[in-house]
Structures are given as structure tokens and as C-alpha cells.
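The values are calculated or read from the model by the stated rules, or taken from the named source; none is laboratory data. These figures come from a predicted structure and were not determined experimentally. A quick note on method: Cβ atoms are made from the backbone with ideal geometry, for glycine too, and the neighbour counts reach across all protein chains shown.
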Amino acid sequence: MTAPASLPPEPLPRLREFGVYIGRFEPPHQAHLLVMQGALQSVQTLIVVIGSARAARNTKNPFTAQERQDVILAMLAEVGVEAGRLRFVQVRDFFYNESLWLSQVQGGVAAHTGGSRDVALVGHIKDESSYYLRSFPAWEFLPTHVVSPLSATDVRKAYFEDRLEDVRGMVPPAVHAFLDAFRQTPDYAELRAEYDYLREYRAAWQASPAPPVFVAADAVVTRSGHVLTVRRAARPGRGLLALPGDLLEFGETLLACAVRSVRQETGLPAEHDLTAALRAQTVFDYPDRSQRGRTVTQAFHFDLGLGALPGLHPAADAAEAFWLPFNEALGRPDLFFEDHHAIIEHFLMRG
């Protein structure tokens, strides 16, 4: 009697050379860990792209890119993943230039792949916030099977509201240890105070029949390779650098609002005619540009030409006002409030 022929073994799934996983990880949570573990079953090396790098700490982005990178390594080490299978790319936010963001991601990944085309993009298309997964057609799309309602927004909310047992159930042990240690720092104390301030600020508008849209004006004043900058004295963003600016008052134009803000916040001498120095203006309306609520600003660029830098006399709502050299203004996005660095960059990079 002839023995039955044995079935050939099923082929193992192909192991891609590189996988790319993009996120902000503010902070990493259990679903992030599951996605990375799943990806590492399909790729040899996982490149984790950490967004919102080089930004000032705030309640939406409370942790530095390096802190997030370190805690991702720690949480993966806990489940036996070797650090050698991971690579990292840290990418800035480019609110008003999607092409620059794409270029940063592509360049950062290329620095690790050495020209290999065997690259897969890991992700889950859940809503319009996942649009970026369609932005890299040269990479194979590798859908994750992890579907979870958990979000970093939920973690941050529980964290800043002292619901620590809820946090424990949302994040891996290494992340919980990091968050627990971070709670003892002055940075956490400032962020917690800002979280409470913003919650009260937004609550004041909850009775409005429709979500409010605030209109503001900001001023980019330049002279002799410097930009006029203030340091915020009040929340939100206390201690961060910002442009002179304010919410629009009834009865004034946006241009008048920008000029008023410069005079009030910096004490720029009146002999410098800002209206005559106007060179350009642009609307900045990224929907999430301000955590206070939907805020649209019209920014004006005033160029005072060459010459000595005028003396300044900041008002009470600015801790200080000073002339910041272009190289420092462009090179330190981590010092600036909200999207003010992007606004400065927009006008200065126009040439």
C-alpha cells in the first residue's frame, strides 16, 4: 500500500529588510508596543520615525524626542527586542510645508536603508489623520492587525489629571516608570499648571452656541539680521519666545492690532514707522496651531532695514523683549511658543 504523499510545508512569510513606523508617541502606549512587536515579525529592522521633534514642551507634546526614543527602547527591551533591530529618525513639525516634512522623513529613512528598496510602511488607516500613510508610494504598505481605541491623548489626559491607575493600564511598565519619574520634575509641574489653565480657559467658552474662532495678529519685525522677540510672562507658554501679537479688538484692523502689539509689548520707539516698513503678510490657520482653541492669525512682516538696533522697553505681559539674531531664531524651534518659529521661518526663508 502506497503511503499518502505529505503536503509541502507552507512557505514562511517574506521578511522585509526594513519597516518604517511613524508616530509622535506622546507618550508610547500599549497599542504602540503591539504594533512594533507585530512589525518586527515581518521586518528585519524597524525604523521608528518620531514626530514633533525639536518642539518646546507643551501639554500636547510634553516629552522631547530623545526622551521618547529612550523609553521606546526600554519598553521593547522589556519584551526581549534587541536594540540592534531598531533605528530612529527624529522629525520636526512643518505646519505649513508638507513637502519639507515628507523630505525629512524620506531623508531620515534613507540614511538607515543604504539605498535598499525593500522598505515597508507600517500603519493602520483609521481616519483622515492617517493620510500620511498614502504619502510614500515607493514603500510597500504593511497594514497592522492591531486595532485599538487607545490613544496618547487619553494617556496624557489621565496623566495630567492624576488618574495614575488609569495610566498604569494604558502603558507598558517601562513607560509607566518614566512617567512616574517625570512627575517629580519642574517641567511636569509647569506642564500640569498649564494643563489646568487651558482646561479652565476652554471651559469658559463651553456655553457658546458654536465653537469660537479667535482672530489674532502677529508681527515679525526685522532689522539688521535680527528679529524682534518677546519672552512670554504668562500662561500659556510662560517663558517661551514669541512674536509680539494679540487677539483682534473690536474696532481695529488686523494691521492696527499688529502695530499696537509691537508698541505695547516691546516699547519699540515711535520714530520707527511700522506701516511704512510693511513688506509682506500671510494668514496662518493650521487648525491645531493653538491649544487655547481655533485661532487664526494674520502675520505681518515689517523690515526696518539696516542700522543700530533700537532700544526696547517691554510691557508687563512680556517678561522681556530683545532682538534675536536670525541664526538663533531659525535654529532653535524648541524655544518658541506654538507655531511662532514656523511663522518666522516663513518670512525669513522667502529671501
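May I ask you to list the residues in segment 301-342 that are touching a Phe, Trp or Tyr at 6+ places or on another chain (Cβ under 8 Å) and farther than 14 Å from residue 279 by Cβ? Can you show your working first?
Just the residues of segment 301-342 that are touching a Phe, Trp or Tyr at 6+ places or on another chain (Cβ under 8 Å), to begin with: 301, 309, 312, 339, 342.
Listed by number, the residues that qualify are 309, 312, 339, 342.
Of the residues in segment 141-176, how many are of a type in the set (S, T, N, Q) and surrounded by 20 or more Cβ atoms within 10 Å (Cβ to Cβ)? Before the answer, list the steps.
Step one: of segment 141-176, the residues of a type in the set (S, T, N, Q) are 144, 148, 151, 153.
With the extra rule that they be surrounded by 20 or more Cβ atoms within 10 Å (Cβ to Cβ), the set shrinks to none.
Count: 0.
Determine if segment 75-93 includes at least one residue that is in contact (Cβ under 8 Å) with a residue 24 or more places away in the chain and small (Gly, Ala, Ser). Steps first, please.
First pass over segment 75-93, keeping only residues in contact (Cβ under 8 Å) with a residue 24 or more places away in the chain: 75-79, 81, 85-93.
Now drop any that are not small (Gly, Ala, Ser), which leaves 77.
For segment 75-93, residues in contact (Cβ under 8 Å) with a residue 24 or more places away in the chain and small (Gly, Ala, Ser): present.
Could you please find all residues in segment 152-197 being closer than 15 Å to residue 30 by Cβ, assigned to a helix (DSSP H, G or I) and of a type in the set (A, V, I, L, M, F, W, C)?
Answer for segment 152-197, where residues must be closer than 15 Å to residue 30 by Cβ, assigned to a helix (DSSP H, G or I) and of a type in the set (A, V, I, L, M, F, W, C): 152, 155, 158, 167, 170, 174, 175, 177, 178, 179.
Please specify each residue of segment 54-72 satisfying the condition of being at negative phi and assigned to a loop (DSSP other than H, G, I, E, B).
Within segment 54-72, 55, 56, 57, 58, 59, 60, 61, 62, 63, 64 meet the criteria.
Yes/no matrix, rows are residues, columns are (1) of a type in the set (D, E, K, R); (2) part of a loop (DSSP other than H, G, I, E, B):
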site	(1), (2)
273	yes, yes
281	no, no
286	no, yes
289	yes, yes
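Name the one entry in 217, 138 that is surrounded by 15 or more Cβ atoms within 10 Å (Cβ to Cβ), touching a residue at least 12 places away in the same chain (Cβ under 8 Å) and over 16 Å from residue 61 (Cα atoms).
Matching residue, one of 217, 138: 217.
Hey, can you tell me all the residues within segment 36-58 that are within 14 Å of residue 152 (Cα to Cα) and among the hydrophobic types (A, V, I, L, M, F, W, C)?
If the condition is that a residue be within 14 Å of residue 152 (Cα to Cα) and among the hydrophobic types (A, V, I, L, M, F, W, C), then 50 is the only one that fits.
For residue 25, are the conditions met, namely being modelled with pLDDT of 95 or more, crowded, with 16+ Cβ neighbours inside 10 Å, in a loop (DSSP other than H, G, I, E, B) and of a type in the set (A, V, I, L, M, F, W, C)?
It is true that residue 25 is modelled with pLDDT of 95 or more, crowded, with 16+ Cβ neighbours inside 10 Å, in a loop (DSSP other than H, G, I, E, B) and of a type in the set (A, V, I, L, M, F, W, C).
Out of segment 314-336, which residues are over 18 Å from residue 245 (Cβ atoms) and of a type outside the set (Gly, Ala, Ser)?
325, 326, 327, 328, 330, 332, 334
Go through segment 198-219 and give me each residue that's out of contact with any Lys or Arg (no Cβ under 9 Å at 6 or more places or on another chain) and not in a loop (DSSP other than H, G, I, E, B).
Hits for segment 198-219 are 199, 200, 203, 215, 216, 218, 219.
Counting just the residues of segment 289-343 that are touching a helix residue (DSSP H, G or I) at 6+ places or on another chain (Cβ under 8 Å) and basic (Lys, Arg), which one comes out farthest from residue 249 (Cα to Cα)?
Ranking the qualifying residues of segment 289-343, first place goes to 332.
Please work out if residue 94 is modelled with pLDDT of 95 or more, under 17 Å from the mean Cα position of the chain (by Cα) and part of a loop (DSSP other than H, G, I, E, B). It would help to see each step written out before you state the result.
Working: modelled with pLDDT of 95 or more: no; under 17 Å from the mean Cα position of the chain (by Cα): yes; part of a loop (DSSP other than H, G, I, E, B): yes.
The answer is no for residue 94.
Go through segment 32-46 and report how many residues are part of a helix (DSSP H, G or I) and surrounded by fewer than 19 Cβ atoms within 10 Å (Cβ to Cβ).
Selection size over segment 32-46: 3.
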